[in-house]
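The values are calculated or read from the model by the stated rules, or taken from the named source; none is laboratory data. Please read these numbers as outputs of a predicted model, since none were measured by experiment. So basically every Cβ, Gly included, is an ideal-geometry build from the backbone, and we count neighbours across all protein chains shown. Side chains included, ligands, DNA and RNA excluded: accessible areas come from the protein's heavy atoms. Shrake-Rupley method; radii C 1.70, N 1.55, O 1.52, S 1.80 Å.
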Amino acid sequence: MKRLLILCIAATLFACKGEPKDYVTLSGKIENPDASKTLKIFQGKNYEKTISINDDGTFKDTLKVVEGDYNFQHGKEYGQIYLKNDNTSSFETDYNSFIDSMTFKGDDSDINNFSLKSFLISKDHFTESLIATGTKEDVDKAIEGYKSAYEDIKNKYTDVDSTRVSIMDQNIEKTVQQLNQFMGSKFATQDAFPKGSPSPNFVDYENYAGGDMSLSDFKGKYVYFDIWATWCGPCIREIPSLKKVEEQFKGKNIEFVSISVDEGRGYKGDKAAAYEGWKKMVADKELGGIQLMADNGFNSEFVRNYKINGIPRFILVDPDGNIVSADAPRPSNPALVELFKELGI
């Protein structure tokens, strides 16, 4: 009888445990969801599945996966999640603050929350203000705070396996290296073009509105230069912000001058096609300010003298034609408006 009872208990436990599932169950909720009402889970070209999102933002589906990290997309926002068959995983977030408000729950949530929080701390320490106007001392202090915050996260998520932690350690160090390289280049530019030194010159650049213009034509006003091209994605993304800043400082003692370096790239090397593409984009996007075309693309003397090898690049020159900043904040960075106000523009 005793043996029979033991066998029954063992059978019951086995039945409760069941066989491992060959799929992961993923669920969650997205507040204020995008109109697409879809959530795409993918891993490069290896895997892709689209999950439908209900009107209230909830979703639930099963996915057969190979254990590992997967990306997901909802609307224009992206995230990352670790998935494993036989797991029940979930996350909740708000589309309006997608990454910042995200929380993972369920199986292996520690892995996902550890990865997420380790990613987010860069935003707290490597701010737009630091990138725009930070000194070497500011950067060193920010890196110190960044590394300290990461150690706090590791101390909180002690159950995360050592392999995952090692990968994140490498990512943290890579982020620090990239910041040092970027800011090092920025500091080198500042040293090469100190504030108050005469700006490199340009003469007779074609004006989209008609005629030609030279740097000397702007004497008596501040000039905010945007060096860009029609094929440059980051340049295009700055246009809405640039328009807002132009409107905010309309009628003030400043000119907004965009100089295109289009010379054939994106047009199969055809300079004539690039020229027409420039004119078309200026018209189609209703670009404001003064729109000029550099006389020889990246080989233009003005561009070479400012050592511009990547765009967009923004430059601020004072009413006397002297440099205020050879690497000024982007229009999307609030530090630009703060700089204008400090100068009394």
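What does the highest-first list of 109-118, 162-171 look like by mean Cβ count within 10 Å?
Numbers: 109-118: 20.1, 162-171: 13.0.
Result, highest mean Cβ count within 10 Å first: 109-118, 162-171.
Quick check for you: with a 1.4 Å probe and neighbouring chains kept, what is the accessible area per residue of the chain, in Å²?
Values: 19060 Å² over 345 residues.
On a per-residue basis, 55 Å².
At a temperature of 10 °C and a viscosity of 1.306 mPa s, determine how fast the stretch 121-199 diffuses translationally according to Stokes-Einstein, using the Kirkwood radius over alpha-carbon pairs as Rh; express D in µm²/s, rounded to the nearest whole number. Walk me through the numbers on the way to the answer.
Details: Rh = 14.2 Å.
The calculation lands on 112 µm²/s.
What order do you get for 312-323, 296-307, 144-155 when each peptide is scored by the mean count of other beta carbon atoms within 10 Å, highest first? Provide the component values of the computation, followed by the final result.
Working: 312-323: 18.5, 296-307: 16.5, 144-155: 14.0.
Output ranking for 312-323, 296-307, 144-155: 312-323, 296-307, 144-155.
State the answer as a single residue: which of V257, S332, P194 lies farthest towards the positive end of the charge dipole of the chain, with beta carbon charges of +1 for Lys and Arg and -1 for Asp and Glu, about the Cα centre.
S332
Provide the descending list of Cα extents for the stretch 121-260 along its principal axes, expressed in whole angstroms.
Principal axes ranked by extent give 67, 30, 26 Å for the Cα atoms.
Rule-of-thumb check for the chain: C-alpha Rg over 2.2 N^0.38 Å?
Expressed relative to 2.2 N^0.38 Å, the Cα Rg reads 1.33.
Please work out the Kirkwood hydrodynamic radius for the stretch 238-345, using every pair of different C-alpha atoms, and report it in angstroms with one decimal place. Walk me through the intermediate numbers first.
On the way: mean 1/r = 0.0663 Å⁻¹.
One over the average 1/r among Cα pairs gives 15.1 Å for the stretch 238-345.
So how do D284, D86, D191 rank on accessible area, 1.4 Å probe, biggest first, that is with the largest at the start? Show your work: numbers first, answer last.
Working: D284 100, D86 70, D191 125 Å².
From most accessible down to least: D191, D284, D86.
Please report, in debye to the nearest 20, how large the charge dipole of the stretch 118-252 is about its Cα centre when each Lys and Arg carries +1 at its beta carbon and each Asp and Glu carries -1 there. Could you put the intermediate results ahead of the total?
Values: 17 positive and 21 negative charges, 58 e Å.
Approximately 280 debye in magnitude.
Using a simple charge model, +1 on the beta-carbon of Lys and Arg, -1 on the beta-carbon of Asp and Glu, nothing else, what dipole does the stretch 178-239 show about its Cα centre, in debye to the nearest 20? Before the final figure, lay out each step's value.
Numbers: 5 positive and 7 negative charges, 66 e Å.
Once rounded to the nearest 20, the dipole reads 320 debye.
Helix-only estimate, please: 222 nm mean residue ellipticity of the chain, summing -39500 (n - 2.57) across DSSP H runs of length 4 or more and dividing by its residues, to the nearest 500. Intermediate values should be presented prior to the final figure.
On the way: 10 runs with 134 residues, N = 345.
Result for the chain, helices only: -12500 deg cm²/dmol.
Taking Cα atoms, how many degrees apart are the long axis of helix 239-248 and the longest axis of the chain, rounded to 10 and kept between 0 and 90?
That works out to roughly 60 degrees.
Of all DSSP beta bridges located in the chain, what percent are antiparallel, nearest 5? Don't jump to the answer; show the numbers that get you there.
Numbers: 38 of 56 bridges.
If we restrict to bridges inside the chain, about 70 percent are antiparallel.
Given 4 °C and 1.567 mPa s, how large is the Stokes-Einstein diffusion coefficient of the stretch 61-153 in µm²/s, with Rh as the Kirkwood radius over Cα pairs? Could the numbers behind the result be given before it?
Working: Rh = 15.1 Å.
Taking Rh from Cα pairs, D becomes 86 µm²/s.
Under a 1.4 angstrom probe, counting protein chains only, how are Y78, Y224, Y157, Y275 ranked by accessible area, largest first? Don't skip to the end; give the middle numbers.
Numbers: Y78 120, Y224 0, Y157 25, Y275 65 Å².
Highest to lowest solvent-accessible surface, that is Y78, Y275, Y157, Y224.
If you take all C-alpha pairs in the stretch 76-128, what percent of them are over 17 Å apart? All intermediate terms of the calculation are to be shown ahead of the outcome.
Working: 547 of 1378 pairs.
Within the stretch 76-128, distances greater than 17 Å cover 40 percent of Cα pairs.
I need the Kirkwood Rh of the stretch 275-316: take the reciprocal of the average 1/r across all distinct C-alpha pairs and report it in angstrom.
Working: mean 1/r = 0.0851 Å⁻¹.
Every distinct Cα pair counted, the radius reaches 11.8 Å.
How about the stretch 181-287: which trypsin sites (Lys or Arg not before Pro) there are in a DSSP loop, with at most 13 other Cβ atoms within 10 Å of their Cβ?
Details: sites: K186, K195, K219, K221, R237, K243, K244, K250, K252, R265, K268, K271, K279, K280, K285; in loops: K195, K219, K221, K250, K252, R265, K268, K285.
Answer in residue order: K195, K219, K250, K252, K268, K285.
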